[in-house]
Amino acid sequence: MHFQLPADLDDLQTRLLDFVAEQIDPITEGVDPEAPPAELRRQIAARSEAAGFYRLTVPQSDGGLGGDPRLLTAAREALALSGNPLAARALGSGPGIMRLADNDQQRDDLYLPVIRGERSAAFAFTEAIRADGSQQPTQAVRATLPDGADGFLLTGAKGFVTGGASSDWLVVVANVPDEGTALLVVDRAAPGVTAGELGASIDGSTHSPFYFDAVAVPQSRLLGNVGDGLPRAMQNIDRMRLSVAAECVGWTRWVTRTTLERIEGPHRSGAPLADQQQVQAIFADMAADSFAARTTLYQAANAREADDTTAGTQVAAAKWLASETLHRTVDRAIQLHGAQSLLRGHPLERLYRWSRSLRIAEGPTELLRLTVARHIRQNGVDAL
Ligand SMILES: Cc1cc2nc3c(=O)[nH]c(=O)nc-3n(C[C@H](O)[C@H](O)[C@H](O)COP(=O)(O)OP(=O)(O)OC[C@H]3O[C@@H](n4cnc5c(N)ncnc54)[C@H](O)[C@@H]3O)c2cc1C
């Protein structure tokens, strides 16, 4: 029997695929997926809201439809499997890193505006070289702020902050001397915050470096406690990794399906390419890779849902396998589609660029392999 999802997830995927085919495909035809007009983005969101999908990312306790790892994994896989790059916009903003807001004031000031889509936060994790050329990690020193309140003075630099240029807040991971790491929510427009030059990467996303020069951050903008910043940041990264893995698996399946149609179709040689044994071998590699990445994905999603102690390692492995699999699969598909798939604007050309960046974003493959190695050295090879 082939790999089959439980009935609730299978049903969700069927409904999402029908929704994209009936309501998203007709309005997105011919649109550049890397630069969709704002009005189209609003239309997608409105249709998704009406169809009951938009709030899948928000916990039920906050008026949403779930936000659970298993459900979201299935939803993201299905939206990618639809083959429409704009379908992912059918999911509204989840809490993202604001999930870590853990008192009533932060919930009202930070968390709720984000899940309502009124405000946005970017994640400033990766250290960068400071504006003065020095390389010390970003530091937050406890201080009494000019208005007399307790807080921190933040100094340092963060790089590659995706969406930072248009976000309201930057959630910065900083080191508090002698105490450990902290997560601070910084107004992007606060005095002392400077954005560097906006960079666009090959996947179509944009990133900015940010420089912090003794930026005053009140205590009320500390997420959690000083000392638990890094583990909390890793919780957010873990969610992102599962999400990336799900999208990669969905796209891997779409590419594999599309390639099968291509090689089974007529070819100028007079016989379908699929009749060639070398082509069959390449296609078999694609299908087996896809199967392996998908089974690992759902194993990891179940572990995360159950909050299993191995979940972080499983999610790391799933992200590594899924992103490497997608890139390899797209590369093979380009080989089998031939020159036409290299033309700018071809879906495989776009996927090639996008999947390339995912082997680095949310943890490069080499670091994820280290996570797995550390885990099995501590717990044995069967502990994954
Ligand atoms: C599309 C995209 C979006 C991103 N968005 C954000 C964001 O929103 N916020 C943010 O803070 N950052 C973001 N990043 C940055 C991302 O977190 C970093 O690129 C990533 O952590 C790797 O750091 P680096 O690029 O500085 O590479 P380096 O740390 O310099 O590493 C370069 C390479 O060296 C190898 N390597 C590094 N360390 C080891 C090791 N210990 N063992 C073996 N090999 C190793 C790996 O192959 C790695 O790819 C984004 C990156 C991408 C590509």
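Values quoted throughout were computed directly from the atomic coordinates according to the rules given, and no laboratory measurement underlies them. Model, not experiment: these values are computed from the prediction. A quick note on method: Cβ atoms are made from the backbone with ideal geometry, for glycine too, and the neighbour counts reach across all protein chains shown.
Some points to look at:
- Compactness of the stretch 1-159 was expressed as the Cα radius of gyration divided by 2.2 N^0.38 Å, which yields 1.35.
- Shown in residue order for the stretch 333-344 are the 3J(HN,Hα) couplings computed by the Karplus curve 6.51 cos²θ - 1.76 cosθ + 1.60 at θ = phi - 60°: 5, 4, 4, 7, 7, x, 4, 4, 7, 8, 5, 3 Hz (x for Gly and Pro).
- Bins of 10 Å from zero: percent of alpha-carbon pairs in the stretch 230-383: 11, 36, 29, 16, 7, 1
- Take the Cα of Thr162, step 7 Å toward its Cβ, do the same at Ser201, and the gap between the two points is 0.7 nm.
- Taking 0.36 nm per residue of separation and subtracting the Cα-Cα distance, full extension of the segment from Val381 to Arg353 would add 6.6 nm.
- Pairwise label distance in nanometres, Ala143 with Ala281, each label 7 Å out on the Cα-Cβ vector: 6.5 nm
- Mean Cα-pair separation over length for the stretch 121-223, i.e. relative contact order, pairs under 8 Å, 6 or more apart, %: 32 percent
- Pairs of alpha carbons in the chain whose separation is greater than 40 Å (percent): 18 percent
- Given their separation in residues at 0.36 nm each and the Cα-Cα distance between them, Glu49 and Asp150 gain 32.2 nm when the chain is fully extended.
- Rg/Rh, computed from the Cα trace of the stretch 7-94 with Rh as the Kirkwood radius, has the value 0.95.
- Simple label model, 7 Å out from Cα along Cβ direction - Gln4 to Leu342, nm: 4.4 nm
- Nearest-0.05 FRET efficiency for Thr14 and Ala189, computed from C-beta distance (R0 35 Å): 0.20
- The stretch 217-290: trypsin sites (Lys or Arg not before Pro) in DSSP loop, at most 12 other beta carbons within 10 Å: Arg268
- Rh (Kirkwood; distinct C-alpha pairs) - the stretch 54-135, Å: 14.6 Å
- Annotation: amide H-H contacts under 5 Å for Gly151 (H modelled 1.01 Å from N, sequence separation of 5 or more, or interchain): Ala143, Leu145, Gln219.
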